[in-house]
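Here is the structure we will look at, set down as structure tokens.
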Ligand code: PMT
């Protein structure tokens, strides 16, 4: 039996990967499927929470009993997160958000011209949503969780990122063949701003989600 330890709570989860358009047919994107974020949304709903799921390009059916807000770009994701976070007890940012977007959007499809080198793509910075909501908490006691997908020096990079972003918990997952992006399984260490480290062994994304909610629920008590 599931303990309804999130009953009466509003939690916000972001999932998927943002797409930053270049022209009407092309974008810069990433390999996030949204599975980890959807697992977080489903498990929170099962534990009694009211859940707002901000979904970036996931193409998955809406989980039952969850409010889904579809978005495409990092700027749209920011708007949706800020709006939903206003009365949230916890915010979990599992989405892979583009750090940069093309400086310009071509209203017509960019054409290939014979005998001409391609135009370079100039990028500009996107807002850092996790850092922003952590610095300006919408409610006191709000618990904010970030994710970090790393390829090397995983824990050291995670610790630095946790401090830079200012969130309460950071889930560090190593990019690998059968984990993180796109797969059904994951493996992670959850770092706490209090110095704690909670390892989560390789297993279904639901198991990692349950550990995240255990840690969040303890901080909300
Ligand atoms: O979707 P799946 O296929 O299931 O894969 C899950 C996942 C690998 C995408 C997920 O587990 C994960 O690790 N998500 C974060 C990916 C990442 O590399 O994040 P980051 O290191 O670029 O960003 C760190 C944190 O800041 C994240 O919580 C991110 O949501 C947030 N961020 C990043 C950039 C930005 N401009 N604004 C942000 O809020």
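In the stretch 132-163, what count of residues is obtained for those that are within 11 Å of the ligand (Cβ to nearest atom) and touching a helix residue (DSSP H, G or I) at 6+ places or on another chain (Cβ under 7 Å)?
So the answer is 7.
Being part of a strand (DSSP E or B) and either out of contact with any helix residue (DSSP H, G or I) (no Cβ under 7 Å at 6 or more places or on another chain) or farther than 23 Å from residue 218 by Cα (or both) is true for just one of 127, 118, 61, 70. Which residue is that?
Criteria check complete, one pass: 70.
Could you say which residue among 32, 14 is part of a loop (DSSP other than H, G, I, E, B) and within 14 Å of the ligand (Cβ to nearest atom)?
Residue meeting the stated conditions: 32.
Can we say residue 29 is at pLDDT 95 or above, within 16 Å of the chain's Cα centre (by Cα) and buried (at least 24 other Cβ atoms within 10 Å of the Cβ)?
no
Suppose the filter is within 16 Å of the ligand (Cβ to nearest atom) and surrounded by 12 or more Cβ atoms within 10 Å (Cβ to Cβ); does residue 106 pass it?
no
Looking at (1) surrounded by fewer than 20 Cβ atoms within 10 Å (Cβ to Cβ); (2) in a strand (DSSP E or B); (3) out of contact with any helix residue (DSSP H, G or I) (no Cβ under 7 Å at 6 or more places or on another chain), which is the only condition residue 55 fails?
(1)
Of everything in the stretch 164-173, what is farther than 24 Å from residue 202 by Cβ and more than 10 Å from the ligand (Cβ to nearest atom)? Give them in sequence order.
166, 168
The values are calculated or read from the model by the stated rules, or taken from the named source; none is laboratory data. A quick note: this is a predicted structure, and the numbers were derived from the prediction, not measured. Using ideal geometry, Cβ is built from the backbone for each residue, glycine included, and neighbour counts are taken over all protein chains shown.
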